[in-house]
Amino acid sequence: MESLKELYKIGVGPSSSHTMGPQRIASNIMKIYPRASKFHVDLYGSLSLTGKGHLTDYIMEKTFAPIPVTFSFKSDSLSFHPNGMIVTVYDNNNVIDEIEAYSIGGGSVLYKGDHQLEPIQAYSQNTLKEILDYVDKHGISLYEYVLENEGQNFDHFLYKILDAMFLSVENGLSKNGTIQGKLKLQRVAKSMYQQAQNTRREVERERLFLTSYAYDVSEENADGGTIVTAPTCGASGILPAVLYYCYKNMHIEKKDIIKALAIAGLVGNVVKTNATISGADGGCQAEVGTACAMAAAAMAWIYELNNSLIEYAAEMGLEHNLGLTCDPVGGYVQIPCIERNGYGSLRAIDAAMLAKQLGYVRKKNKVSFDTIVKVMKDTGKDLAYEYKETSLGGLAKEFGLE
């Protein structure tokens, strides 16, 4: 598996696959051809169909500046992944290169041929079973396992990621107004937080606090603010909401929360390695489902559950998001994405709580997390093209946008 540095990335929303990935591709090409006279980008598949709403052309044009760039939007897909593009590089009117590139989710990119970038491989184990067997055999914790593979100073990176997550929550708490785009969607996180402060019923109050944190980050993401992929921009509100809740409402110290962040990263990495975290490839189950599993595992660790029950929580977090479609209205990461992040944060907490309670009875879940990852991958393949970040089906089709 890759380093967690390839999973957790600090960047600008609204989409890791449509904004951060294309920005990274453009930046890498600029390093290779800083003196090109112009570029032309053919966007394919999901990048073409929802690229305008996700600001794909905007961010690439900004990254290529001052060199001019033109775009064509193709409805068909390239062979490797739905988020593909071909960047043609010119020297005056002569074509000097054609680069086929893919934004595969979470801000990660791949190139065809000579421009292939090798990801950082940090872990020998690729499934959660392999990881759990390893830590059991060597008598170490999951956090110690992360440090063993990433390096003893990896906690500095985790603190940086956690601080960025918390800042995205707090930035959202301070803002009112309308999110950019044709939907003219009002921000509600601040008012939701204030409502939580004035709610007397403890259970309702705590769940409102948690949901407001998820909305904070998701609204920031939708408005082009700075967030952390966890594992993607579209699902970036769930894990920060749970961790911020642990910090602010449960008074858990940061030195313990970074361990939960690392364990959540392992869960996300297993999904990324063995299935997909791309909505264009697997639907929203790959984004929100994975984020829910990550947050559930983090919360299970906070509850001091054993490794088997941490797996149980993660399994429930993903299992009960199977089949979730990606159908953003107008191609914006707003409806149903923001609300779905709030709902996903509640599901994550519930999954950890259920794992804790059921653990007293069953001790071990009969369905493994790795099994659900495989099912999610197969389900993603079976989902119709219209339900995988194309805005051609589901809510995006029925809601309509003038």
Being closer than 27 Å to TYR332 by Cα, open to solvent by less than 20 Å² (accessible area, probe 1.4 Å) and either of a type in the set (D, E, K, R) or not in a helix (DSSP H, G or I) (or both) is the requirement here; does ILE227 meet it? yes
Filtered residue count, the stretch 234-251, keeping only those that are open to solvent by 40 Å² or more (accessible area, probe 1.4 Å) and either in contact with a Cys (Cβ under 7 Å, 6 or more places away or on another chain) or part of a helix (DSSP H, G or I) (or both): 2
All-but-one check, ILE67 against (1) part of a helix (DSSP H, G or I); (2) open to solvent by less than 60 Å² (accessible area, probe 1.4 Å); (3) under 16 Å from SER27 (Cα atoms), failing number (1)
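Could you count how many residues in the stretch 344-355 are closer than 20 Å to LEU208 by Cα and open to solvent by less than 10 Å² (accessible area, probe 1.4 Å)? Spell out the reasoning first.
Our first condition is that a residue be closer than 20 Å to LEU208 by Cα; within the stretch 344-355, this holds for 344-354.
Then drop every residue that is not open to solvent by less than 10 Å² (accessible area, probe 1.4 Å), which leaves 344-345, 348, 351-352.
Count: 5.
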With (1) touching a helix residue (DSSP H, G or I) at 6+ places or on another chain (Cβ under 8 Å); (2) open to solvent by 20 Å² or more (accessible area, probe 1.4 Å); (3) touching a residue at least 60 places away in the same chain (Cβ under 8 Å) as the list, and SER103 as the residue in question, which single condition is left unmet? (2)
If the Cβ limit is 6 Å and pairs must be 6+ apart or interchain, which residue in the stretch 56-76 that is farther than 17 Å from GLY225 by Cα and in contact (Cβ under 8 Å) with a residue 12 or more places away in the chain pairs with which residue that is part of a helix (DSSP H, G or I) and open to solvent by 80 Å² or more (accessible area, probe 1.4 Å)? VAL69/GLU61
In a loop (DSSP other than H, G, I, E, B) and over 30 Å from GLU150 (Cα atoms) - does that describe any residue in the stretch 102-110? no
Can you tell me which residue within the stretch 168-180, out of those that are out of contact with any Gly (no Cβ under 7 Å at 6 or more places or on another chain) and farther than 18 Å from ALA235 by Cβ, is most open to solvent (accessible area, probe 1.4 Å)? ASN176
Cross-chain or 6+ apart pairs with Cβ under 8 Å, the stretch 29-42 first and assigned to a loop (DSSP other than H, G, I, E, B), then surrounded by 15 or more Cβ atoms within 10 Å (Cβ to Cβ) and among the hydrophobic types (A, V, I, L, M, F, W, C): TYR33/VAL89; ALA36/ILE67; ALA36/VAL89; SER37/ILE67
Could you list, in sequence order, the residues of the stretch 330-343 that are crowded, with 24+ Cβ neighbours inside 10 Å and in contact with a Ser or Thr (Cβ under 8 Å, 6 or more places away or on another chain)? GLY331, VAL333, CYS337, ILE338, ASN341, GLY342
Just checking, how many residues over the stretch 158-167 are open to solvent by 40 Å² or more (accessible area, probe 1.4 Å), within 28 Å of ASN126 (Cα to Cα) and not charged (D, E, K, R)? 1
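Of the residues ALA295, ALA313, ALA352, which single one is under 19 Å from the mean Cα position of the chain (by Cα), farther than 22 Å from TYR134 by Cα and of a type in the set (A, V, I, L, M, F, W, C)?
ALA295
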Within the stretch 291-320, the residues that are closer than 13 Å to VAL375 by Cβ and open to solvent by less than 10 Å² (accessible area, probe 1.4 Å) are ALA293, GLU315, LEU318
Matching residues in the stretch 356-399 - criterion: being exposed (fewer than 15 other Cβ atoms within 10 Å of the Cβ), touching a residue at least 40 places away in the same chain (Cβ under 8 Å) and outside any helix (DSSP H, G or I): LYS363, LYS364, VAL367
Of all residues making up the stretch 347-363, the number that are charged (D, E, K, R) and in contact with a Leu (Cβ under 8 Å, 6 or more places away or on another chain): 1
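Would you point out the residue of the stretch 131-147, among those that are farther than 14 Å from SER308 by Cβ and open to solvent by 80 Å² or more (accessible area, probe 1.4 Å), that is nearest to the chain's Cα centre (by Cα)? Before the answer, list the steps.
Here is the first cut: in the stretch 131-147, the residues farther than 14 Å from SER308 by Cβ are 134, 137-140, 143-147.
After this cut, where a residue has to be open to solvent by 80 Å² or more (accessible area, probe 1.4 Å) as well, the list is 137-138, 144.
Working: LYS137: 31, HIS138: 31, GLU144: 24 Å.
Per the stated criteria, the residue is GLU144.
The values are calculated or read from the model by the stated rules, or taken from the named source; none is laboratory data. Keep in mind that this is a model prediction, so the values were computed, not measured. Cβ sites come from the backbone with ideal geometry, for glycine too, and all protein chains shown count toward neighbours. Accessible surface areas use protein heavy atoms only, side chains included; no ligands, DNA or RNA. Shrake-Rupley method; radii C 1.70, N 1.55, O 1.52, S 1.80 Å.
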